[in-house]
Every structure is written in C-alpha cells, then in structure tokens.
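S.K.: One structure, pasted below without further comment.
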Amino acid sequence: GHLSVGVCLLAPEVSVGNYKRAVKRFDDGHRLCNDLMGCLQERAKIEKAYGDQLTAWSKRWRQLIEKGPQYGTVERAWLGVMTEAEKVSELHQDVKNNLLNEDVEKVKNWQKEAYHKQMIGGFKEAKEAEEGFKKAQKPWAKKLKEMEAAKKTYHMACKEEKLAAAREANGKTEASVTPDQQKKLHEKVDKCKQDAQKAKEKYEKSLDELNKCTPQYMECMEQVFDQCQQHEVRRLTFLKEALLDIKRHLNLTENQSYATIYRELERTILSANTQEDLKWFSNNHGPGMPMNWPAFEEYNPDQAAAPPKKKRPDGAPPTPSTDHVAPPGDRSSVSSYDKNQAYSAEWSDDEQPTTFSGNENGGNRNSFEDDSSTGKGVRVRALYDYEGQEQDELTFKAGDELIKIEDEDEQGWCRGRLDSGQEGLYPANYVEPI
C-alpha cells in the first residue's frame, strides 16, 4: 500500500524502510572478510599437507634408491627427482606462510579498520547508514502517511455518496416513503457529495505536498546511499588487490627458484653417462676387476696375530689402480650396489627375480633388502680393533661382542649387528666365534 513516486533511481526511495539491503551490506562485508580468511587458512593447510607428503615421499624413496641395485650417474639422476621434491616442498611451505602471515593478516587488519563493532552490537558504519536513511526519509514518510489517510477518507466519502444516491433512488419508487422522508434522503445525498468533494480536495492537496518534497527526499536518500557506495568501493578495491597478492603467492611459475629447480633437475638427468656407468660396473663387478691370484707364501709365525693391513681376508695388499677403480674387496663406490646384498660368486639360471609387492607404492619394505635383520645369528668376539671405513661398516674394539647375522662373502666380509642395534659389515678374520 505504498505510493510509487514515479521513476526511482534507487531502491531505498521507492518505499519507506526499503533501505535495509543497503544497510545489511555492511554486515555482509564484515562476514565476507571472515569467509576469505577461512578460505585462505584452508588453502594453507592443503599447501602444508602437500609439502609434508612430498618430503616424506622423497625421504622414503631416497633410501630405497640408495639401498637398491641402481648405480652410478643414472642413480644420481634418479635421486635428482627426490631433490626436486624436497625443494618444491619448501616452496609450498613458503606459499603456506605467505597466505597465513601476509594475506590473512592483511584482510584481518583491513576488516578491523573498516568495521567498528559497537557495545550494543552491530557495526557503527551500519548504524550510521540506517540513521541517515531514516532521517532523510522522515519528512517524506510523514507526508506519505498524511496522504494515505486523506486517500482513505476520500474513498470512504465516495462510498457513502454512492449508498445515499442508491437509497434516494429506492425511495422514489416505494409508495411507503413519505415526501418528507424523500426530502431528507435528497439532503443526505447533497451532504455526501459535499463531503466527498472536500475529501477529494484534501487528498489532492496532500498528494501535491508529497510530490513537492519528493525531489528533496530523493536527494537526501541518494547522499546517504552514496556514502554506503563509497564504503563498498573501498571494500571491493581492497578485495581485488588482496586477490592479486594471493595469486602472486600461489603462482609458483613466477618464482625464479621454481624454474631453477627444474633446470637443475634437467642438468642432473642429462649428465647421466651410460658408458661411464657400464665401465664402472665392469671394473668393479666384471672382467675389469683387478685380481689377486693365489701366490706361494712362506710360513710367517707372526702373521696369525697381526690384523690384516687392508680390507682383504688374505692380508694381501690391493692392486694399485691409476683409474681410481675400487680395489678388490674395497667397497667404496658411487653406488650402493652391493650394500645390502651378498651375491653368489657365480650367476645361476634358477635365480628368482626380485618383484615388487602388490601394494601400489611397492610396500613399505624395500624390495631390494634381504631378510638379514630377523634376529637370527651367531655370537662372535672381536680379536682386533676395527675402524669402519664406509658408512655401512661397523666399528668395534678388541674384546667387543657382536652377532654375525650373515656368513662371509667371497671377498671376506661378514654382516653383523652390535649390541646397540647398529648393523653393518666387518672383516671376517677380525672375529672369532664365542
């Protein structure tokens, strides 16, 4: 039942109290800041989880590759993929930190400056807008109320006039109605006509007054609405800038470190040298191996008491090599080819190939590991001190006890476990069974 005031540019002007949506936008704006912060916090969790998964994956597979039979420069290239994962993980942790420490903080600070909570609840900005709209609307709303009342009075007077005219018409046709009564009915019609005319004039006057103050009302409402719009301009502008910052933090392709990771990985892979790896394998496990053929040895009474000079069970010195080839029995190499497996001296046709378990990631166990660490073994005592030369060799003092968990290989090495739980290789002739 509100009066339309012609073409209105703004919703609040159409009717009294129809500015609620413009006021509610302040509450919405504050809530949207919370939503954006929640959105970024969730994304930061995803970035962190991805980084953590990459690190765990890289650590696990680095161990599997290093323990496995791949060797040389191709092993290095494969390990390069693990290095890539570690570096990319760091970048995703940076993304997480930037989202939380920069973007979320920026939104939180802007929200604090843009919206001021009141003790009584709600926001100062929303209250000011609502009061502004009410004040601008008050004079016009009063005139509107007066006009509505005048319209109602006029319509009621018209209704009364119609009823009086109908009664007069009926009186003329009925014989029971006296001339005096007919006169009174006629006077009633005249009075109703006069009342209707007065009500019409009053209604027209109040409508005219309402229309006169409408432009002023529209102007005042527009001013308040413009103030709301200015606050919204600031909010939308800030949001756009914040989203551009977020994009910059998420877009790793713009990060120079990201491009460098893949340049380095490509360089590592391209440096893999097939011929170099084949030559290394031949020199260490093929025809290129230097051999210590058996030679006649005189009896030496002191020989039994002295520990071997080199990592050879027969105490013979290794054949020197100009090509940096690992000496016989010496296990220092670019690969972990023979770290965890004792290979038989001869290849046999019925050897079972190693297979991965059905688990999609190869299971949690290294498919190349043997079952040497099951706890079975023979207790032995060290005859001499031994200082491990490689990471996978044991160090012990004469008199120490340990468990032999794998028999001597063709080069004179045994696998054992110290009481500390450490497993590794040691020269077979440094110990005796207990």
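The values are calculated or read from the model by the stated rules, or taken from the named source; none is laboratory data. This structure is a prediction, so every number in the text was calculated from the model and none was measured. Glycine gets a Cβ as well: all are built from the backbone with ideal geometry, and neighbour counts include every protein chain shown. Surface accessibility is based on the protein's heavy atoms, side chains included, excluding ligands, DNA and RNA. Shrake-Rupley method; radii C 1.70, N 1.55, O 1.52, S 1.80 Å.
S.K.: Consider region 244-258. How many of its residues are open to solvent by less than 90 Å² (accessible area, probe 1.4 Å) and in a helix (DSSP H, G or I)? Don't jump to the end; show me each part of the working.
M.R.: Quick first cut of region 244-258, residues open to solvent by less than 90 Å² (accessible area, probe 1.4 Å) only: 245-246, 249-252, 255, 257-258.
Filter once more, so that each one left must be in a helix (DSSP H, G or I): 245-246, 249-250, 252, 257-258.
Going through region 244-258 one residue at a time, the tally reaches 7.
S.K.: Might you let me know whether region 169-185 holds any residue that is open to solvent by less than 90 Å² (accessible area, probe 1.4 Å), in contact (Cβ under 8 Å) with a residue 60 or more places away in the chain, assigned to a helix (DSSP H, G or I) and among the polar types (S, T, N, Q)?
M.R.: Checking region 169-185: not a single residue is open to solvent by less than 90 Å² (accessible area, probe 1.4 Å), in contact (Cβ under 8 Å) with a residue 60 or more places away in the chain, assigned to a helix (DSSP H, G or I) and among the polar types (S, T, N, Q).
S.K.: Can E66 be described as within 18 Å of the chain's Cα centre (by Cα) and acidic (D, E)?
M.R.: Answer is no for this residue.
S.K.: For region 9-105, list the helices (runs of 4 or more DSSP H) that sit wholly inside it and hold at least 2 residues that are touching a His at 6+ places or on another chain (Cβ under 8 Å) and open to solvent by less than 30 Å² (accessible area, probe 1.4 Å); which are they?
M.R.: Numbers: elements: 11-14, 20-67, 72-98.
Qualifying helices (runs of 4 or more DSSP H): 20-67.
S.K.: Among the residues that make up region 191-198, is at least one of them under 60 Å from the mean Cα position of the chain (by Cα), surrounded by 13 or more Cβ atoms within 10 Å (Cβ to Cβ), in contact (Cβ under 8 Å) with a residue 24 or more places away in the chain and part of a helix (DSSP H, G or I)?
M.R.: Scanning region 191-198 turns up no residue that is under 60 Å from the mean Cα position of the chain (by Cα), surrounded by 13 or more Cβ atoms within 10 Å (Cβ to Cβ), in contact (Cβ under 8 Å) with a residue 24 or more places away in the chain and part of a helix (DSSP H, G or I).
S.K.: While we're on this one: Which condition breaks for L278 when tested against (1) open to solvent by 70 Å² or more (accessible area, probe 1.4 Å); (2) among the hydrophobic types (A, V, I, L, M, F, W, C); (3) under 30 Å from N34 (Cα atoms)?
M.R.: Among (1) open to solvent by 70 Å² or more (accessible area, probe 1.4 Å); (2) among the hydrophobic types (A, V, I, L, M, F, W, C); (3) under 30 Å from N34 (Cα atoms), L278 violates only (3).
S.K.: Might you let me know whether region 126-139 holds any residue that is open to solvent by 40 Å² or more (accessible area, probe 1.4 Å), within 28 Å of E219 (Cβ to Cβ) and modelled with pLDDT of 95 or more?
M.R.: no
S.K.: Pick out the one residue from E174, E146, E160, E168 that is over 22 Å from C213 (Cβ atoms), at pLDDT 90 or above and not aliphatic (A, V, I, L, M).
M.R.: When all the criteria are applied, what remains is E160.
S.K.: With the structure loaded, tell me whether A272 is modelled with pLDDT of 90 or more, part of a helix (DSSP H, G or I) and either of a type outside the set (S, T, Y) or touching a Phe, Trp or Tyr at 6+ places or on another chain (Cβ under 9 Å) (or both) or whether it fails that test.
M.R.: no
S.K.: Moving on. Looking at this structure, is E161 in contact with a helix residue (DSSP H, G or I) (Cβ under 9 Å, 6 or more places away or on another chain), open to solvent by less than 40 Å² (accessible area, probe 1.4 Å) and not hydrophobic (A, V, I, L, M, F, W, C)?
M.R.: no
S.K.: Within the bounds of region 229-243, is there any residue that is under 30 Å from A165 (Cα atoms), among the small types (G, A, S) and open to solvent by less than 60 Å² (accessible area, probe 1.4 Å)? Steps first, please.
M.R.: First pass over region 229-243, keeping only residues under 30 Å from A165 (Cα atoms): none.
Looking for residues that are under 30 Å from A165 (Cα atoms), among the small types (G, A, S) and open to solvent by less than 60 Å² (accessible area, probe 1.4 Å), one finds none in region 229-243, hence no.
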